[in-house]
Amino acid sequence: MTGLTVRYGDVAAVSDVDLRVADGEVVALLGPSGCGKSTLLRAVAGLERPGGGRVAWDGTDLASTPVHRRGFGLVFQDGQLFPHRDVAGNVAFGMRMHGVEREKRAERVDELLELVGLGGYQRRRVTELSGGEQQRVALARALAPEPRLLLLDEPLSALDRALREQLAVDLARLLRDAGATALVVTHDHDEAFTLADRVALMRGGRVRQTGPPELVWRRPVDAEVARFLGCGTVLPARVSDGVATFALGEVRVGDANGDVPDGPVRLGLRSTALRADPAGAITGEVLEQVHRRDHVRLLVRVGTAEYEAVAPVAAAPAVGDPVRLSADPDGVAVLAGS
Ligand code: ADP
Ligand code: MG
(Lines give C-alpha, C1' and ligand atoms only; values in the text may rest on other atoms or scores of the structure.)
(Ligands and ions follow the chains in the order given, each with its own letter.)
Protein backbone atom coordinates (compact mmCIF):
# COMPACT_ATOMS: atom_id res chain seq x y z
CA MET A 1 0.00 0.00 0.00
CA THR A 2 1.21 3.51 -0.70
CA GLY A 3 0.23 6.75 0.96
CA LEU A 4 -2.77 4.98 2.45
CA THR A 5 -5.06 7.24 4.46
CA VAL A 6 -8.39 6.31 6.04
CA ARG A 7 -10.61 8.95 7.65
CA TYR A 8 -13.60 8.67 9.93
CA GLY A 9 -15.23 12.06 9.46
CA ASP A 10 -12.44 14.60 9.89
CA VAL A 11 -10.21 12.27 11.85
CA ALA A 12 -7.53 10.28 10.04
CA ALA A 13 -7.36 6.86 11.70
CA VAL A 14 -4.63 5.87 9.23
CA SER A 15 -2.27 8.47 7.76
CA ASP A 16 -0.09 8.15 4.72
CA VAL A 17 1.06 4.56 5.28
CA ASP A 18 3.54 2.93 2.90
CA LEU A 19 3.93 -0.78 3.50
CA ARG A 20 4.81 -3.73 1.30
CA VAL A 21 4.38 -7.36 2.14
CA ALA A 22 6.61 -9.68 0.12
CA ASP A 23 5.52 -13.07 -1.14
CA GLY A 24 5.62 -15.60 1.70
CA GLU A 25 6.37 -12.91 4.27
CA VAL A 26 4.60 -12.51 7.61
CA VAL A 27 4.40 -8.87 8.68
CA ALA A 28 3.07 -7.86 12.09
CA LEU A 29 1.34 -4.52 12.52
CA LEU A 30 2.17 -3.71 16.11
CA GLY A 31 0.95 -0.77 18.13
CA PRO A 32 -1.13 0.33 21.10
CA SER A 33 -4.89 0.10 21.11
CA GLY A 34 -6.54 2.76 18.97
CA CYS A 35 -3.49 3.48 16.77
CA GLY A 36 -5.28 2.43 13.58
CA LYS A 37 -4.17 -1.18 13.08
CA SER A 38 -7.61 -2.64 12.47
CA THR A 39 -8.57 0.25 10.22
CA LEU A 40 -5.47 -0.33 8.11
CA LEU A 41 -6.20 -4.05 7.89
CA ARG A 42 -9.82 -3.39 6.96
CA ALA A 43 -8.73 -1.00 4.21
CA VAL A 44 -6.45 -3.70 2.80
CA ALA A 45 -9.34 -6.17 2.94
CA GLY A 46 -11.59 -3.71 1.15
CA LEU A 47 -13.89 -3.17 4.13
CA GLU A 48 -12.92 0.51 4.42
CA ARG A 49 -12.58 2.92 1.54
CA PRO A 50 -9.25 4.79 1.55
CA GLY A 51 -9.50 8.57 1.75
CA GLY A 52 -6.14 8.75 0.01
CA GLY A 53 -3.40 6.57 -1.40
CA ARG A 54 -3.91 3.06 -2.67
CA VAL A 55 -3.88 -0.63 -1.96
CA ALA A 56 -2.39 -2.72 -4.73
CA TRP A 57 -1.50 -6.35 -5.36
CA ASP A 58 1.30 -7.15 -7.80
CA GLY A 59 1.00 -3.62 -9.11
CA THR A 60 -2.75 -3.83 -9.70
CA ASP A 61 -4.80 -1.19 -7.89
CA LEU A 62 -7.56 -2.88 -5.88
CA ALA A 63 -9.77 0.20 -5.47
CA SER A 64 -12.49 -1.27 -7.67
CA THR A 65 -12.06 -4.87 -6.47
CA PRO A 66 -14.68 -5.80 -3.85
CA VAL A 67 -13.78 -7.68 -0.66
CA HIS A 68 -14.69 -11.16 -1.90
CA ARG A 69 -12.75 -10.77 -5.15
CA ARG A 70 -9.44 -9.73 -3.56
CA GLY A 71 -8.46 -13.31 -2.76
CA PHE A 72 -7.59 -12.40 0.81
CA GLY A 73 -8.40 -14.54 3.86
CA LEU A 74 -9.64 -12.88 7.04
CA VAL A 75 -9.46 -13.92 10.67
CA PHE A 76 -10.73 -11.72 13.48
CA GLN A 77 -10.25 -11.70 17.23
CA ASP A 78 -13.28 -13.91 17.80
CA GLY A 79 -13.27 -16.32 14.90
CA GLN A 80 -16.85 -15.46 13.87
CA LEU A 81 -17.61 -19.08 13.01
CA PHE A 82 -21.04 -20.15 11.82
CA PRO A 83 -22.56 -21.63 14.98
CA HIS A 84 -25.05 -23.84 13.13
CA ARG A 85 -22.37 -25.55 11.02
CA ASP A 86 -19.93 -28.17 12.26
CA VAL A 87 -16.16 -27.79 12.02
CA ALA A 88 -15.93 -29.25 8.52
CA GLY A 89 -18.85 -27.09 7.37
CA ASN A 90 -17.10 -23.98 8.62
CA VAL A 91 -13.78 -24.83 7.03
CA ALA A 92 -15.41 -25.77 3.72
CA PHE A 93 -17.55 -22.63 3.57
CA GLY A 94 -15.23 -20.49 1.45
CA MET A 95 -14.52 -23.38 -0.90
CA ARG A 96 -18.23 -23.90 -1.49
CA MET A 97 -18.51 -20.25 -2.40
CA HIS A 98 -15.72 -20.80 -4.90
CA GLY A 99 -17.45 -23.83 -6.38
CA VAL A 100 -14.91 -26.44 -5.28
CA GLU A 101 -16.51 -29.88 -5.70
CA ARG A 102 -17.57 -31.94 -2.70
CA GLU A 103 -14.83 -34.57 -2.74
CA LYS A 104 -12.05 -32.03 -3.19
CA ARG A 105 -13.54 -30.00 -0.35
CA ALA A 106 -13.56 -32.93 2.05
CA GLU A 107 -9.96 -33.75 1.17
CA ARG A 108 -8.86 -30.18 1.73
CA VAL A 109 -10.79 -29.94 5.02
CA ASP A 110 -8.98 -33.03 6.31
CA GLU A 111 -5.65 -31.63 5.25
CA LEU A 112 -6.29 -28.23 6.86
CA LEU A 113 -7.56 -29.68 10.12
CA GLU A 114 -4.35 -31.72 10.32
CA LEU A 115 -2.38 -28.55 9.66
CA VAL A 116 -4.03 -26.65 12.53
CA GLY A 117 -3.81 -29.64 14.88
CA LEU A 118 -7.50 -30.55 14.83
CA GLY A 119 -7.41 -33.81 12.87
CA GLY A 120 -10.61 -35.79 13.50
CA TYR A 121 -12.66 -32.73 14.53
CA GLN A 122 -14.68 -32.62 11.29
CA ARG A 123 -18.08 -33.38 12.81
CA ARG A 124 -17.66 -31.45 16.06
CA ARG A 125 -20.03 -28.57 16.74
CA VAL A 126 -18.09 -25.31 16.87
CA THR A 127 -20.04 -24.21 19.95
CA GLU A 128 -18.45 -27.11 21.82
CA LEU A 129 -14.89 -26.06 21.09
CA SER A 130 -12.56 -24.12 23.36
CA GLY A 131 -11.57 -20.58 22.35
CA GLY A 132 -8.21 -21.79 21.08
CA GLU A 133 -9.81 -24.54 19.00
CA GLN A 134 -12.30 -22.09 17.54
CA GLN A 135 -9.48 -19.81 16.42
CA ARG A 136 -7.75 -22.77 14.78
CA VAL A 137 -10.95 -23.54 12.89
CA ALA A 138 -11.22 -19.88 11.84
CA LEU A 139 -7.66 -20.05 10.57
CA ALA A 140 -8.30 -23.28 8.66
CA ARG A 141 -11.38 -21.70 7.12
CA ALA A 142 -9.41 -18.64 6.02
CA LEU A 143 -6.62 -20.79 4.56
CA ALA A 144 -8.98 -23.15 2.72
CA PRO A 145 -9.46 -21.16 -0.53
CA GLU A 146 -5.65 -20.64 -0.65
CA PRO A 147 -5.76 -16.87 -0.18
CA ARG A 148 -2.90 -14.92 -1.67
CA LEU A 149 -2.81 -12.85 1.51
CA LEU A 150 -3.99 -13.71 4.99
CA LEU A 151 -5.23 -10.83 7.17
CA LEU A 152 -5.33 -11.60 10.88
CA ASP A 153 -6.73 -9.08 13.36
CA GLU A 154 -5.63 -9.89 16.93
CA PRO A 155 -6.27 -13.58 16.26
CA LEU A 156 -5.17 -14.63 19.75
CA SER A 157 -6.34 -11.72 21.90
CA ALA A 158 -9.52 -13.36 23.14
CA LEU A 159 -7.58 -16.28 24.60
CA ASP A 160 -6.06 -16.54 28.04
CA ARG A 161 -2.38 -15.91 28.37
CA ALA A 162 -0.87 -19.39 28.65
CA LEU A 163 -2.85 -20.55 25.62
CA ARG A 164 -1.97 -17.40 23.72
CA GLU A 165 1.75 -17.98 24.12
CA GLN A 166 1.44 -21.59 22.97
CA LEU A 167 -0.84 -20.72 20.06
CA ALA A 168 1.45 -17.91 18.92
CA VAL A 169 4.24 -20.46 18.53
CA ASP A 170 1.86 -22.87 16.75
CA LEU A 171 0.55 -20.13 14.50
CA ALA A 172 4.07 -19.04 13.55
CA ARG A 173 4.93 -22.60 12.51
CA LEU A 174 1.64 -23.03 10.73
CA LEU A 175 2.03 -19.87 8.65
CA ARG A 176 5.50 -21.04 7.63
CA ASP A 177 4.28 -24.57 6.81
CA ALA A 178 1.42 -23.16 4.75
CA GLY A 179 3.85 -20.78 3.01
CA ALA A 180 1.33 -18.05 3.81
CA THR A 181 1.79 -14.38 3.06
CA ALA A 182 0.22 -12.60 6.00
CA LEU A 183 -0.43 -9.30 7.70
CA VAL A 184 -1.08 -9.84 11.41
CA VAL A 185 -2.41 -7.13 13.71
CA THR A 186 -1.46 -7.26 17.37
CA HIS A 187 -0.88 -4.96 20.33
CA ASP A 188 1.34 -7.55 22.02
CA HIS A 189 5.06 -7.34 21.21
CA ASP A 190 5.83 -10.89 22.25
CA GLU A 191 3.19 -12.08 19.84
CA ALA A 192 4.45 -9.84 17.04
CA PHE A 193 8.01 -10.98 17.53
CA THR A 194 7.01 -14.65 17.67
CA LEU A 195 4.98 -14.46 14.47
CA ALA A 196 6.61 -11.99 12.19
CA ASP A 197 9.48 -11.88 9.74
CA ARG A 198 9.09 -8.12 9.88
CA VAL A 199 7.37 -5.76 12.28
CA ALA A 200 5.67 -2.50 11.32
CA LEU A 201 5.26 -0.33 14.39
CA MET A 202 2.20 1.90 14.33
CA ARG A 203 1.37 4.90 16.43
CA GLY A 204 -1.20 7.60 15.89
CA GLY A 205 -2.25 6.20 12.51
CA ARG A 206 1.27 6.18 11.10
CA VAL A 207 3.86 3.49 10.62
CA ARG A 208 6.80 4.72 12.67
CA GLN A 209 9.30 1.96 12.10
CA THR A 210 9.58 -1.25 10.11
CA GLY A 211 12.22 -3.92 10.40
CA PRO A 212 13.06 -7.41 11.54
CA PRO A 213 11.83 -8.00 15.12
CA GLU A 214 15.31 -8.10 16.58
CA LEU A 215 16.29 -4.80 15.07
CA VAL A 216 13.11 -3.02 16.16
CA TRP A 217 13.60 -4.44 19.63
CA ARG A 218 17.24 -3.40 19.95
CA ARG A 219 17.09 -0.17 17.93
CA PRO A 220 13.72 1.52 18.46
CA VAL A 221 13.55 4.58 16.29
CA ASP A 222 12.66 7.10 19.03
CA ALA A 223 11.75 7.43 22.70
CA GLU A 224 8.05 6.95 22.08
CA VAL A 225 8.56 3.69 20.24
CA ALA A 226 11.09 2.63 22.86
CA ARG A 227 8.56 3.25 25.64
CA PHE A 228 5.92 1.25 23.80
CA LEU A 229 8.44 -1.59 23.55
CA GLY A 230 8.94 -1.61 27.29
CA CYS A 231 11.83 0.79 27.84
CA GLY A 232 10.55 2.60 30.94
CA THR A 233 13.68 4.70 31.28
CA VAL A 234 15.52 6.60 28.56
CA LEU A 235 18.97 7.94 29.46
CA PRO A 236 21.77 9.74 27.64
CA ALA A 237 24.98 7.79 27.11
CA ARG A 238 28.19 7.87 25.16
CA VAL A 239 29.37 4.95 23.05
CA SER A 240 32.97 4.03 22.49
CA ASP A 241 33.98 0.75 20.79
CA GLY A 242 30.49 -0.68 21.26
CA VAL A 243 30.37 0.04 24.99
CA ALA A 244 27.96 2.67 26.31
CA THR A 245 28.87 4.71 29.37
CA PHE A 246 25.86 6.12 31.22
CA ALA A 247 24.78 7.27 34.68
CA LEU A 248 25.03 3.75 36.08
CA GLY A 249 28.30 2.67 34.53
CA GLU A 250 28.99 0.72 31.37
CA VAL A 251 27.11 -1.73 29.22
CA ARG A 252 27.94 -3.36 25.89
CA VAL A 253 25.46 -2.25 23.23
CA GLY A 254 27.23 -2.96 19.94
CA ASP A 255 29.17 -5.74 18.31
CA ALA A 256 32.85 -5.76 17.36
CA ASN A 257 31.99 -4.52 13.84
CA GLY A 258 30.92 -1.12 15.11
CA ASP A 259 27.19 -1.52 14.44
CA VAL A 260 26.71 1.24 17.00
CA PRO A 261 29.03 4.10 16.04
CA ASP A 262 31.01 6.02 18.65
CA GLY A 263 29.36 9.13 20.03
CA PRO A 264 26.40 10.29 22.07
CA VAL A 265 23.25 8.11 22.08
CA ARG A 266 20.13 7.59 24.12
CA LEU A 267 19.67 4.26 25.86
CA GLY A 268 16.31 2.66 26.58
CA LEU A 269 16.32 0.54 29.73
CA ARG A 270 13.76 -2.25 30.06
CA SER A 271 12.76 -3.53 33.48
CA THR A 272 15.30 -6.32 33.00
CA ALA A 273 18.20 -3.99 32.17
CA LEU A 274 19.36 -3.96 35.77
CA ARG A 275 19.73 -7.24 37.59
CA ALA A 276 20.47 -7.95 41.23
CA ASP A 277 24.03 -9.27 41.21
CA PRO A 278 26.25 -9.62 44.31
CA ALA A 279 29.23 -8.78 42.11
CA GLY A 280 27.51 -5.79 40.46
CA ALA A 281 29.20 -2.41 40.40
CA ILE A 282 25.99 -0.42 41.03
CA THR A 283 24.76 -0.03 44.59
CA GLY A 284 21.28 1.04 45.60
CA GLU A 285 18.45 0.60 48.05
CA VAL A 286 15.25 -1.38 47.41
CA LEU A 287 12.16 0.86 47.54
CA GLU A 288 9.54 -1.62 46.33
CA GLN A 289 9.37 -5.24 45.30
CA VAL A 290 6.68 -7.20 43.49
CA HIS A 291 6.66 -10.94 42.83
CA ARG A 292 6.07 -11.99 39.22
CA ARG A 293 5.80 -15.45 37.72
CA ASP A 294 9.49 -16.27 37.56
CA HIS A 295 11.28 -13.24 38.96
CA VAL A 296 10.91 -10.36 41.38
CA ARG A 297 10.64 -6.80 40.14
CA LEU A 298 12.32 -4.12 42.15
CA LEU A 299 12.24 -0.37 42.32
CA VAL A 300 15.70 0.71 43.41
CA ARG A 301 17.07 4.08 44.45
CA VAL A 302 20.56 4.72 43.10
CA GLY A 303 21.89 8.09 44.23
CA THR A 304 18.96 10.45 43.74
CA ALA A 305 17.32 8.52 40.89
CA GLU A 306 14.97 5.51 40.87
CA TYR A 307 15.25 2.55 38.50
CA GLU A 308 13.42 -0.68 37.81
CA ALA A 309 15.41 -3.86 38.29
CA VAL A 310 14.86 -7.60 38.56
CA ALA A 311 16.03 -10.24 41.02
CA PRO A 312 15.70 -14.02 41.13
CA VAL A 313 12.81 -15.24 43.30
CA ALA A 314 15.17 -17.30 45.45
CA ALA A 315 17.43 -14.37 46.30
CA ALA A 316 15.17 -11.33 46.26
CA PRO A 317 16.20 -8.49 48.57
CA ALA A 318 13.53 -7.00 50.83
CA VAL A 319 12.31 -3.43 50.86
CA GLY A 320 14.89 -1.25 52.62
CA ASP A 321 17.75 -3.65 51.86
CA PRO A 322 20.87 -2.49 50.07
CA VAL A 323 21.28 -4.19 46.70
CA ARG A 324 24.02 -4.51 44.10
CA LEU A 325 23.08 -4.39 40.45
CA SER A 326 24.73 -5.05 37.12
CA ALA A 327 23.54 -3.96 33.68
CA ASP A 328 22.33 -6.70 31.31
CA PRO A 329 22.90 -5.87 27.62
CA ASP A 330 19.74 -7.84 26.66
CA GLY A 331 17.61 -5.33 28.55
CA VAL A 332 19.15 -2.29 26.90
CA ALA A 333 18.11 -0.73 23.58
CA VAL A 334 19.90 2.01 21.67
CA LEU A 335 17.54 4.55 20.20
CA ALA A 336 18.24 4.62 16.48
CA GLY A 337 17.50 8.30 16.08
CA SER A 338 20.00 9.28 18.74
P1 ADP B 1 -6.62 -0.38 16.68
O2 ADP B 1 -7.07 -1.54 15.86
O3 ADP B 1 -5.17 -0.07 16.52
O4 ADP B 1 -6.97 -0.53 18.12
P5 ADP B 1 -8.62 1.09 15.19
O6 ADP B 1 -8.16 0.99 13.78
O7 ADP B 1 -9.72 0.19 15.60
O8 ADP B 1 -7.37 0.93 16.16
O9 ADP B 1 -9.07 2.57 15.48
C10 ADP B 1 -8.27 3.69 15.14
C11 ADP B 1 -9.02 4.96 15.48
O12 ADP B 1 -10.16 5.11 14.66
C13 ADP B 1 -9.53 5.00 16.91
O14 ADP B 1 -9.39 6.31 17.38
C15 ADP B 1 -10.98 4.63 16.79
O16 ADP B 1 -11.73 5.19 17.81
C17 ADP B 1 -11.35 5.19 15.42
N18 ADP B 1 -12.38 4.39 14.75
C19 ADP B 1 -12.31 3.08 14.45
N20 ADP B 1 -13.41 2.67 13.80
C21 ADP B 1 -14.22 3.75 13.68
C22 ADP B 1 -15.52 3.99 13.08
N23 ADP B 1 -16.19 3.01 12.48
N24 ADP B 1 -16.00 5.24 13.17
C25 ADP B 1 -15.33 6.25 13.75
N26 ADP B 1 -14.12 6.10 14.31
C27 ADP B 1 -13.56 4.87 14.29
MG1 MG C 1 -8.05 -3.29 16.51
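The values are calculated or read from the model by the stated rules, or taken from the named source; none is laboratory data. In this text the structure is predicted, and so the values were computed from the model without any measurement. Note that we place each Cβ from the backbone using ideal geometry, even for glycine, and neighbour counts take in every protein chain shown. Remember, those area values only see protein heavy atoms, side chains included, never the ligands or the DNA or RNA. Shrake-Rupley method; radii C 1.70, N 1.55, O 1.52, S 1.80 Å.
If I compute solvent accessible area with a 1.4 Å probe over the protein chains, what percent of it on region 91-166 is carbon and sulfur?
44 percent
For region 1-101, what D do you get in µm² per second when you plug the Kirkwood radius from alpha-carbon pairs into Stokes-Einstein at 25 °C and 0.890 mPa s?
Rounded to a whole number, D works out at 159 µm²/s.
Rolling a 1.4 Å sphere over the protein heavy atoms, what is the accessible area per residue of region 2-218, to the nearest Å²? Mind showing how you got there, number by number?
Numbers: 10600 Å² over 217 residues.
Averaged over the residues of region 2-218, the accessible area is 49 Å².
So how far apart, in nm, are the two label points at residue 130 and residue 259 if each is 7 Å from Cα heading toward Cβ?
3.8 nm
Taking a ≥ b ≥ c as the square roots of the eigenvalues of the Cα gyration tensor of region 169-246, is the shape rounded (a/c under 1.5), prolate (a/b larger than b/c) or oblate? Let's see the in-between values first.
On the way: a/c = 2.75, a/b = 1.91, b/c = 1.44.
Since a/c reaches 1.5 and a/b is larger than b/c, the shape of region 169-246 is classed as prolate.
At a 1.4 Å probe, what is the % contribution of carbon and sulfur to the accessible area of region 223-334?
Values: 2840 of 5700 Å².
It is 50 percent, rounded to a whole number.
Would you grab the residues whose amide H sits under 5 Å from the one on residue 182? Only those 5+ places off in sequence or on another chain, please, with H modelled 1.01 Å from N.
Residues meeting the criterion, in which the H sits 1.01 Å from N, are 25, 26, 27, 150.
Based on alpha-carbon positions alone, could you give the equivalent ellipsoid semi-axes of region 142-274 from the gyration tensor, as √(5λ), descending, whole Å?
Values: eigenvalues 229, 48, 38 Å².
Result for region 142-274: semi-axes of 34, 15, 14 Å.
Based on alpha-carbon positions alone, could you give the equivalent ellipsoid semi-axes of region 223-334 from the gyration tensor, as √(5λ), descending, whole Å?
25, 14, 13
Please give the per residue accessible area of region 223-334, computed with a probe of 1.4 Å over protein heavy atoms only, in Å². Display every interim value, and only then the final one.
Numbers: 5700 Å² over 112 residues.
Value returned for region 223-334: 51 Å² of accessible area per residue.
Just for the Cα atoms in the chain, what are the lengths along the principal axes, largest first, rounded to whole Å?
Answer, in whole Å and largest first: 72, 45, 41 Å.
Determine the dipole magnitude for region 223-334: charges of +1 sit on the beta-carbon of Lys and Arg, -1 on that of Asp and Glu, nothing else is charged, the reference point is the Cα centre, and the result goes in debye to the nearest 20.
Charge dipole of region 223-334: 240 debye, to the nearest 20.
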